[in-house]
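Note sheet for the following structure.
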Amino acid sequence: MATNKPALHKFIVYALDRADPDTLYHRESLREAHMQAVGDYIKNGVFKAGGAILSDDSITSPDAERKIIGSLIIIEAESLQAVKDILSKDPYCVSGKWDSEKVAIHPFYCAIGLQ
C-alpha cells in the first residue's frame with residue numbers, strides 16, 4: 001500500500017537582526033535556546049543548511065571582528081505556512097532579535113549542492 005507523503009519544498013529564510021547596540025550580547029544570550037529549539041529540525045533534515053550573516057566589514061582583514069547581523073537558513077517543508085510556524089517558535093523570533101520587518105522567506109530551487 002502506497003503512502004501519500006506530502007510534497008516537500010525548500011525555502012530560503014533571510015532574517016536580519018533588529019538594530020541594537022548590544023546585538024552580539026543579545027544574540028549570544030539566545031544562542032543556546034535557539035540551538036535547542038532547532039535541534040530536532042536539524043536532526044530530522046528539515047533544516048538543510050544555516051548560519052550567520054556577517055557584516056561586510058567582518059572580512060576586511062584576517063583579524064577583523066566577526067559581526068553577526070542575521071541568519072540564513074534553508075528549510076525543507078510542505079508549505080510557506082509550515083516554515084512560518086517553525087520560525088514563530090524560534091527564540092530569535094520570539095524575543096524580537098530577528099527584525100520581523102526584514103525577514104524574507106522564499107521558495108528555493110537548489111541547482112547545485114544540497115538536494
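Just so it is clear, none of the values below were taken in a lab; they were calculated from the coordinates. Since we're looking at a predicted model, the values are computed, not measured. When we count neighbours, we look across all protein chains shown, and the Cβ atoms used for this are built from the backbone with ideal geometry, even at glycine.
This table checks each residue for (1) closer than 18 Å to residue 84 by Cα; (2) in a helix (DSSP H, G or I); (3) free of Cβ contacts under 8 Å to residues at least 24 places away in the same chain.
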residue: 5; (1), (2), (3): no, no, yes
residue: 10; (1), (2), (3): yes, no, no
residue: 14; (1), (2), (3): yes, no, no
residue: 19; (1), (2), (3): no, no, no
residue: 27; (1), (2), (3): no, yes, no
residue: 30; (1), (2), (3): no, yes, no
residue: 39; (1), (2), (3): yes, yes, yes
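Taking residue 86, is it assigned to a helix (DSSP H, G or I), in contact (Cβ under 8 Å) with a residue 24 or more places away in the chain and closer than 26 Å to residue 6 by Cβ? Please lay out each step first, then the result.
Values: assigned to a helix (DSSP H, G or I): yes; in contact (Cβ under 8 Å) with a residue 24 or more places away in the chain: yes; closer than 26 Å to residue 6 by Cβ: yes.
So residue 86 passes the test.
Would the stretch 92-112 turn up any residue that is of a type in the set (S, T, N, Q) and not in a loop (DSSP other than H, G, I, E, B)? Looking for residues that are of a type in the set (S, T, N, Q) and not in a loop (DSSP other than H, G, I, E, B), one finds none in the stretch 92-112, hence no. Quick check, is residue 52 without any contact (Cβ under 8 Å) to a residue 24 or more places away in the chain and in a strand (DSSP E or B)? Here the answer is yes, as residue 52 does meet what is asked. If you check 18, 27 for being surrounded by 15 or more Cβ atoms within 10 Å (Cβ to Cβ), among the basic types (Lys, Arg), within 21 Å of residue 101 (Cα to Cα) and within 14 Å of the chain's Cα centre (by Cα), only one passes: 27.
For the stretch 68-98, how many residues are more than 21 Å from residue 39 (Cβ to Cβ) and surrounded by 15 or more Cβ atoms within 10 Å (Cβ to Cβ)? Write out each step before concluding.
Step one: filter the stretch 68-98 for residues more than 21 Å from residue 39 (Cβ to Cβ), giving 69, 79-81, 96.
Filter once more, so that each one left must be surrounded by 15 or more Cβ atoms within 10 Å (Cβ to Cβ): 69.
Number of matching residues: 1.
Selection over the stretch 30-50 of residues that are closer than 16 Å to residue 88 by Cα and either in contact with a strand residue (DSSP E or B) (Cβ under 8 Å, 6 or more places away or on another chain) or surrounded by 16 or more Cβ atoms within 10 Å (Cβ to Cβ) (or both) gives a count of 7.
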